[in-house]
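The values are calculated or read from the model by the stated rules, or taken from the named source; none is laboratory data. Computed from a predicted structure; not experimentally measured. Positions of Cβ are backbone-derived with ideal geometry, glycine not excepted, and every protein chain shown enters the neighbour counts.
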Amino acid sequence: MSHDPHGRPEPVLHLENVTRVHGQGAAQVHALRGVDLKVHPGEFVAVMGPSGSGKSTLLTLAGGLDSPTEGQVLVEGVALGGLSRKRLAQVRRRSIGYVFQDYNLIPALTAAENISLPRELDGLSSRAARREALAALEELGILELADRFPDDMSGGQQQRVAIARALIGDRRLVLADEPTGALDSTTGEAVLAVLRARCDAGAAAMMVTHEARHAAWADRVVFLRDGRMVDESVSQDAASLLVAAAANSKQVDE
């Protein structure tokens, strides 16, 4: 593992002065403006902000699903913008686990097949990939869903399968867009505990959330507004996060 000059491990994710502009002319929208953000091994970062502040854009850029208009995105020291499409797809499969808001499960595949697919695409045998998939399902307490198809699952069950898919293998970076949105509070807390445990084991995670009590699981909370990073706080508890969010909103409005 490489280190910076101060002895700290190099970040798993580094967004370096990232700007993303959609459209042209009068229809131009600045989704992100000059965002600088590092997420280190073992760190869980929550991203909060009002609707339209750039939270989801931040995640899609971090996951290599879109490219910045300016700046660069590095995952484990590799600049995603300089990669061929094939190499970028490999990095996304091997290094990045992505939990989408709409699950993105393949209807014709069972839960175990959905989860093991990225590993099989990387050349792992189907038997070994299924073994890893079952372990991921067990970690999330849904082993009984292994041979069930998405249409035979509730929204909450599909969400947990999608999270298991993001965690399979040795993913160093986990990106989650409102991962507890379809879950009841007890199941949501259990999922956050799994993400927290992954970070404690050395992975890095970044989660978009609008819930202060969920952000309280993180080490650090980043606030976005109008595409800019306007504040970041060390997470302590949900109450202090709500105070910080309120103060941040007032400060930016003035």
From (1) under 24 Å from residue 37 (Cα atoms); (2) β-branched (Val, Ile, Thr); (3) surrounded by fewer than 22 Cβ atoms within 10 Å (Cβ to Cβ), pick out the condition that doesn't hold for residue 106.
(1)
For the range 104-120, indicate whether the set of residues that are in contact with a strand residue (DSSP E or B) (Cβ under 9 Å, 6 or more places away or on another chain), in contact (Cβ under 8 Å) with a residue 60 or more places away in the chain and within 18 Å of residue 60 (Cβ to Cβ) is non-empty.
no
Looking at (1) at pLDDT 95 or above; (2) buried (at least 17 other Cβ atoms within 10 Å of the Cβ); (3) within 19 Å of residue 206 (Cβ to Cβ), find the lone condition where residue 114 falls short.
(3)
Return yes or no: is residue 170 surrounded by fewer than 22 Cβ atoms within 10 Å (Cβ to Cβ) and either more than 25 Å from residue 62 (Cα to Cα) or hydroxyl-bearing (Ser, Thr, Tyr) (or both)?
no
Residue by residue through the range 92-130, note down the ones that are over 20 Å from the mean Cα position of the chain (by Cα), in a loop (DSSP other than H, G, I, E, B) and over 17 Å from residue 145 (Cα atoms).
122, 123, 124, 125
Restricting to the range 56-69, give me the number of residues that are surrounded by 22 or more Cβ atoms within 10 Å (Cβ to Cβ) and of a type in the set (D, E, K, R).
0
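Does at least one position in the range 146-154 carry a residue that is touching a Leu at 6+ places or on another chain (Cβ under 7 Å), closer than 25 Å to residue 39 by Cα and not in a loop (DSSP other than H, G, I, E, B)? So that I can check it myself, show each step before the final result.
Start the filter on the range 146-154 by keeping residues that are touching a Leu at 6+ places or on another chain (Cβ under 7 Å), which leaves 146, 150, 153.
Remaining after also requiring closer than 25 Å to residue 39 by Cα: none.
No, the range 146-154 contains no residue that is touching a Leu at 6+ places or on another chain (Cβ under 7 Å), closer than 25 Å to residue 39 by Cα and not in a loop (DSSP other than H, G, I, E, B).
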Residue check for residue 42: within 12 Å of the chain's Cα centre (by Cα) and not polar (S, T, N, Q):
no
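Would you be able to say whether some residue in the range 74-84 is charged (D, E, K, R), surrounded by 15 or more Cβ atoms within 10 Å (Cβ to Cβ), more than 29 Å from residue 149 (Cα to Cα) and in contact with a helix residue (DSSP H, G or I) (Cβ under 9 Å, 6 or more places away or on another chain)? Quick ask: steps written out before the conclusion?
Of the range 74-84, the ones charged (D, E, K, R) are 76.
Filter once more, so that each one left must be surrounded by 15 or more Cβ atoms within 10 Å (Cβ to Cβ): 76.
Okay, now just the ones that are also more than 29 Å from residue 149 (Cα to Cα), so 76.
Next cut, in contact with a helix residue (DSSP H, G or I) (Cβ under 9 Å, 6 or more places away or on another chain) only: 76.
Looking through the range 74-84, at least one residue is charged (D, E, K, R), surrounded by 15 or more Cβ atoms within 10 Å (Cβ to Cβ), more than 29 Å from residue 149 (Cα to Cα) and in contact with a helix residue (DSSP H, G or I) (Cβ under 9 Å, 6 or more places away or on another chain).
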Check whether at least one residue in the range 166-186 is within 30 Å of residue 49 (Cα to Cα), in contact (Cβ under 8 Å) with a residue 24 or more places away in the chain and more than 18 Å from the chain's Cα centre (by Cα), and report yes or no.
yes
Could you tell me whether any residue of the range 189-202 is in a loop (DSSP other than H, G, I, E, B) and in contact with a Pro (Cβ under 8 Å, 6 or more places away or on another chain)?
yes
Between residues in the range 134-159 that are free of Cβ contacts under 8 Å to residues at least 40 places away in the same chain and residues that are in a helix (DSSP H, G or I) and loosely packed, with under 13 Cβ neighbours inside 10 Å, which pairs lie under 9 Å by C-beta distance while being six or more apart or on different chains?
137/144; 145/152
Within the range 204-229, track down each residue that is at positive phi and buried (at least 20 other Cβ atoms within 10 Å of the Cβ).
227
When the residues of the range 209-220 are filtered to those that are under 17 Å from residue 194 (Cβ atoms) and touching a residue at least 40 places away in the same chain (Cβ under 8 Å), which remaining residue is nearest to the chain's Cα centre (by Cα)?
209
Flagged pairs (Cβ under 8 angstrom, 6 or more apart or on separate chains; first in the range 221-243, within 17 Å of residue 61 (Cα to Cα); second of a type in the set (Phe, Trp, Tyr) and at pLDDT 60 or above) are 229/223
